[in-house]
Amino acid sequence: MKIVYFAWVRERIGKAEETVEPPAAVRTVADLIGWLSGRGEQYAYAFENARVIRTAIDHAHVQQTAAIAGAREIAFFPPMTGG
Amino acid sequence: MKIVYFAWVRERIGKAEETVEPPAAVRTVADLIGWLSGRGEQYAYAFENARVIRTAIDHAHVQQTAAIAGAREIAFFPPMTGG
Amino acid sequence: MTVPVTIRLQEADFDTAREIAAISRGRTDIGAVVTFSGICRGGEGGDAIAALTLEHYPGMAEAEIGRHAEEALQRWPLTGLTVIHRYGRIVPGENIVLVVTASSHREAAFEAAEFLMDYLKTKAPFWKREEGAGGSAWVDAAAHDDAAAARWTKR
Amino acid sequence: MTVPVTIRLQEADFDTAREIAAISRGRTDIGAVVTFSGICRGGEGGDAIAALTLEHYPGMAEAEIGRHAEEALQRWPLTGLTVIHRYGRIVPGENIVLVVTASSHREAAFEAAEFLMDYLKTKAPFWKREEGAGGSAWVDAAAHDDAAAARWTKR
C-alpha cells in the first residue's frame, strides 16, 4: 500500500512517500494513522493532532472512518490552502 | 425649463429636447407629464402609460411626486436596459 | 488611501486585458481581480440579432455610474475599480460593458462587481435597440434585473 | 451540446487575456464572461512576504478540480469554463489562479466562478508556504474559506 505525504506532514515525517504493509487489524484511515504513529517519533509528531489531518484515497477526499481495503494510494496532508 | 427625451419616448414625441414654460400650477413631475400630454397626439402617445415612464431631474432619478421647481433639465425615458 | 477609479463611456471597443493590467500593474496589495464582460449575443430565444444600438443619456450616465462606484467603495474594501460602457452600434460577439474590481480579498471583488452590474442594468441610463430579421425594436426591461438590483438594498 | 472545459496545472504564468479570448472567440452565444484572478500579495497584515511556494498533489489536484468543474456545469447553464492553477514559487504581484466562466446570463457566470473559487480554496490539494523576513512557514487554512464553501451545499 502506497502512502504519500504533503506539506508539513511530509516535512515532519521526512519523506514524500513510502510503501507499507499494515496488519489486517488496520481497517480504517483512523486505524492507519494510529498504526503509523507508532512507527517512530517523526510519525507521532506529524499525526499528533490527528483531527486536523486530511486524507485522500486514490485521489478522492475521505473521512477517517473510511475503510482502506483495496486502496492503491493513501495521502495524508494538512487542510488545503490553494486558490 | 429644458426637457429631454430618450429611446421610444423620444421617438414617439419626435424630438430629443425642447424648452417649455409650464404654468405655475404644474408643480410635480406627474403634473408636468399631464401638462405635456395635452400638447398633442404624439405627447399623449409617449405618456399613455405614465406608470412606466422614468424621470430624472438634473441627472438624478426622481419619483413622479418630485417637485420640478428649480430644475434645469428634466428627462423622460423608458426603463433602462443597459449593462 | 485613494482608490483608483476609472469610468469611461465610449463608442469604441475596449481591451479587457489592458484594463486588468492597468488596475494591477506595479501593485502588490491586490489579492483578487474580478472582471465582468457583457457581450452582445447573436440571438435571444429563437430570434437572430444582427446588431444592438445603445442609446445613452450623456452626463447622467457618467453621474449615475460615478454614484454607484462611490457606493461600492464605501461598501467593500476595494483597491481599484473600472467601469467601461459602450454606446452606439454593437454587433454579436462584441463587448458592451466591462466591470473590473480589485481587492485584497475575493468576496469583496466578487460582490462589488455583481453590485455594479446589477445597478448598471437597472439604473444607468442606457437603452438597447435590437436589429433583427423583422426590423428593429427597443428591448424591454427585465423584471429579474430589478429583483437582482433589489437584493443590495435589503440588508 | 459540449461545453468547452479547460483545466491546467502549471508552473508557468498564464495570460488572462488569452484565456478570455480562447473561451469567447468566434462565438455569439456568450452574453457574460466572468474572470477571477488570484494574485500573490506582498504582505498579510503587517508582515512582508518575499514569495509563496505552492505545493500540490499531482493527479488528485486535476481530479478534484475536474469534479468541481463538472458540478458547476450541472448547476449552471455555462457555455465555457477554464481553471488554471499554478504551483512552485510565486512572487508578489504574480498570478496564482484563474477561473473564467462564460454563460448567456450574468448570474450563472458570477455564481459558477464564486463556487469554483470557494472549492479551490478548501478542497483542491494545494498548500502555500510563505517566505518572509523571519524565514518561511506554511499558511494556515482560514475558517472563513470553509464557511464560504459551505454555502454551496446548503441549498
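The values are calculated or read from the model by the stated rules, or taken from the named source; none is laboratory data. These figures come from a predicted structure and were not determined experimentally. Here Cβ is always computed from backbone atoms with ideal geometry, including for glycine, and neighbour counts include all displayed protein chains.
Laid out as a table, the results:
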quantity	calculated
Unique match (being of a type in the set (Val, Ile, Thr), part of a loop (DSSP other than H, G, I, E, B) and in contact (Cβ under 8 Å) with a residue 24 or more places away in the chain) among D:Val33, D:Val3	D:Val3
Those residues of segment D:55-76 which are of a type in the set (Asp, Glu) and either in a strand (DSSP E or B) or closer than 15 Å to D:Glu11 by Cα (or both), in sequence order	D:Glu55, D:Glu62
Inter-residue pairs, beta-carbon under 7 Å, first within 14 Å of chain C (Cβ to nearest Cβ) and in segment B:61-72, second outside any loop (DSSP other than H, G, I, E, B) and among the hydroxyl-bearing types (Ser, Thr, Tyr), 6+ apart	B:Val62/B:Thr55
Residue check, B:Val4 assigned to a strand (DSSP E or B) and modelled with pLDDT of 95 or more	yes
Filter pass, C:Leu98 being of a type outside the set (Phe, Trp, Tyr) and more than 12 Å from every other protein chain (Cβ to nearest Cβ)	no
Lone unmet requirement of (1) among the hydrophobic types (A, V, I, L, M, F, W, C); (2) more than 15 Å from the chain's Cα centre (by Cα); (3) closer than 27 Å to D:Ala112 by Cα for C:Ala109	(2)
Among residues of segment A:19-31, those that are of a type in the set (Asp, Glu) and surrounded by 15 or more Cβ atoms within 10 Å (Cβ to Cβ), counted	1
Residue satisfying condition, being more than 29 Å from C:Gly132 (Cβ to Cβ), away from chain D (no Cβ under 13 Å) and either buried (at least 21 other Cβ atoms within 10 Å of the Cβ) or among the small types (Gly, Ala, Ser) (or both), within set C:Gly59, C:Gly26	C:Gly59
Residues of segment C:115-155 classified as without any contact (Cβ under 8 Å) to a residue 24 or more places away in the chain, assigned to a helix (DSSP H, G or I) and not hydrophobic (A, V, I, L, M, F, W, C), total	2
Of residues in segment D:108-154 being among the hydroxyl-bearing types (Ser, Thr, Tyr) and more than 7 Å from every other protein chain (Cβ to nearest Cβ), the one surrounded by the most Cβ atoms within 10 Å (Cβ to Cβ)	D:Tyr119
Scope segment C:68-107; condition of a type in the set (Lys, Arg), touching a strand residue (DSSP E or B) at 6+ places or on another chain (Cβ under 8 Å) and surrounded by fewer than 21 Cβ atoms within 10 Å (Cβ to Cβ); matching residues	C:Arg89
Answer from C:Arg41, C:Arg18 - the residue that is away from chain B (no Cβ under 12 Å), assigned to a loop (DSSP other than H, G, I, E, B) and of a type outside the set (Asp, Glu)	C:Arg41
Condition met for B:Ile57 (in contact (Cβ under 8 Å) with a residue 40 or more places away in the chain and under 10 Å from the mean Cα position of the chain (by Cα))	no
Filter pass, B:Ala30 being farther than 20 Å from C:Thr122 by Cβ and in contact (Cβ under 8 Å) with a residue 40 or more places away in the chain	no
Qualifying positions in segment A:1-19 - within 14 Å of another protein chain (Cβ to nearest Cβ) and under 18 Å from A:Pro79 (Cα atoms)	A:Ile3, A:Val4, A:Tyr5, A:Phe6, A:Ala7, A:Trp8, A:Val9, A:Arg10, A:Glu11, A:Arg12, A:Ala16
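This table checks each residue for (1) touching a Leu at 6+ places or on another chain (Cβ under 8 Å); (2) modelled with pLDDT of 95 or more; (3) at positive phi.
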{"residue": "D:Ser104", "(1), (2), (3)": "no, no, no"}
{"residue": "D:Ala112", "(1), (2), (3)": "yes, yes, no"}
{"residue": "D:Lys121", "(1), (2), (3)": "no, no, no"}
{"residue": "D:Pro125", "(1), (2), (3)": "no, yes, no"}
{"residue": "D:Glu130", "(1), (2), (3)": "yes, no, no"}
{"residue": "D:Ala150", "(1), (2), (3)": "no, no, no"}
{"residue": "D:Lys154", "(1), (2), (3)": "no, no, no"}
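Condition check ((1) of a type outside the set (A, V, I, L, M); (2) surrounded by fewer than 15 Cβ atoms within 10 Å (Cβ to Cβ)) across all residues:
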| position | (1), (2) |
| --- | --- |
| B:Arg12 | yes, no |
| B:Glu17 | yes, yes |
| B:Ile33 | no, no |
| B:Gln42 | yes, yes |
| B:Ile53 | no, no |
| B:His59 | yes, no |
| B:Gly70 | yes, yes |
| B:Glu73 | yes, no |
